[in-house]
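The values are calculated or read from the model by the stated rules, or taken from the named source; none is laboratory data. Everything numeric in this text was worked out from a predicted model, so none of it was measured. Ideal geometry is used to build each Cβ from the backbone, glycine not excepted, and the neighbour counts take in all protein chains shown. Please note that ligands, DNA and RNA were not included when accessible areas were found on the heavy atoms of the full protein model with its side chains. Shrake-Rupley method; radii C 1.70, N 1.55, O 1.52, S 1.80 Å.
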Amino acid sequence: MQDNDSDEINEAAGVTKRVVDLRHRKAESAHLRGLVNDPDMAAVRLESKRRAITRGMWTFLTLGLGFTTTSVQAFLAGTRAKSDPLWWGAWLAEPMLAGLLITLLMFEAEILSRGLEVSEPWVRYLKRILLTSTLVMSLWPTLTPLWTPGVHFDGGNFAIHLIVPVVVYGVAEVMPVIQHKFNEAIACAYRDAAHATTAPAAPVEGPAPRKAPSTTAALATGTRVRLPEPILNQVKAKAAELANERRELTADDVRQVIKVAPEMAAQIAAEVQQRNGHAFT
């Protein structure tokens, strides 16, 4: 640090406490700027946002399904008295349907987070059957006044019992998409970080510039590929499986496990080969 940048306060030289504080803030800002522009930090921010949004979606989905529980119970219990066991058993129907739906959504979100598609039609069919059942049973008690003499039809009650199941259905469809897009963005951020660490230095005047090292050479000198924990575990498992078959991991093997660009897959495979299958330990 130069003399005029000293942290010592010197009123005679104009170095007041405010000047020192501003210098500290300037230095802090320089560090923050580097972190904000860092691809690894971008991936960390995306992962944090993904967790917060996912947690919020699960919370409101659960609240919505809890609301429909009363309507489903009214539909199933009908005019039965509380002394009837079926009146009490009717409270379990919607939690059962909601539990199945939530478990199915958790499965779908986890598979998508691994970079795989859930293309089996029965997954969609089951999800729609569960949501349609909830919608019908939730609306039915609000419609009975239409054909029951002397009972007033409540349009607001009908609307809320229609809107909540429809919103729940929309959330159920959107949640896997959110997971999928966030994981694509996180994988992209990690690819940017890997490319940034392997990028060749800018040429300088003087002797002929050195040739940029190949991906394999860069990996051999200590550059590491940074991957999210779920994707990392998949690569480890695939590498161990191929090692038992006495075969090395290739870029095609990597792309069978996770959806990454060919260049990134080649980089991951090269690092595994350079470190004898222990690139990520």
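A few remarks follow.
- Extended-chain gain in nm, criterion 0.36 nm per residue less alpha-carbon gap, residue 67 and residue 19: 11.4 nm
- For the pair residue 159 and residue 48, label points projected 7 Å from Cα toward Cβ lie 4.0 nm apart.
- The residues of the stretch 57-147 present an accessible area of 57 Å² per residue when probed at 1.4 Å with all protein chains retained.
- Chymotrypsin sites (Phe, Trp or Tyr not before Pro) within the stretch 71-128: DSSP coil, no more than 14 neighbouring Cβ in 10 Å: none
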